[in-house]
Amino acid sequence: MFKKAQRSIIAVLRIIEVMVAILLTVTIGLLAINMVPEILGLLSAKTNISDLKYILEYSFSLIIGVEFVKMVCKPTAGNVVEVLMFAVTRFLIIEHSAITSLFGVLSIAVLFATKKYLFCEVNDPAK
């Protein structure tokens, strides 16, 4: 009885997880379409550096959203590390202080080392 209840709960949670992934995918698609006029606006002569910074923040947020949806749909350790790498990279590009850059680069180095040396091919179905 308990095992059957566990399986039912897991099945419901998986359906909710898929619905959230679908909603996020639709939202990211709509936000990407809304970003096109913003990018085209960068071509005007009145563009300044803060507009470019805004576009970078916006686009990196969309990319992190896409990677998050991939992680929800296919939860592997490699996908989790990729999401973390994108998040740290976004932070590095947006923030420009020396100490945050140092910690960001060290974080990415640790994530790359983790991905290269600690993951087994058995754990990664893509290989």
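Since every read-out is calculated from the coordinates, none of them should be taken as a lab result. None of these values were measured; they are calculated from a predicted model. Because the Cβ atoms are built from the backbone with ideal geometry, glycine has one as well, and the counts that use them run over all protein chains shown.
Some points to look at:
- Only Lys, Arg (+1) and Asp, Glu (-1) charged, at Cβ; the range 2-118 dipole about Cα centre in debye: 680 debye
- Angle between the chain longest axis and helix 49-73 axis [Cα atoms, degrees, rounded to 10]: 10 degrees
- Rounded tilt (10° steps) of 2-41 against the dominant C-alpha axis of the chain: 10 degrees
- Spatially close lysines, pair count over the chain: Cα under 19 Å, gap of eight or more or interchain: 6
- Using alpha-carbon coordinates, inclination of helix 98-113 to the longest axis of the chain, degrees: 40 degrees
- Residue (of 97, 40, 87) at the positive-pole extreme of the chain, dipole from beta-carbon charges: 87
- Sorted on the mean count of surrounding Cβ atoms within 10 Å across their residues, most packed first, peptides 36-46, 81-91 read 81-91, 36-46.
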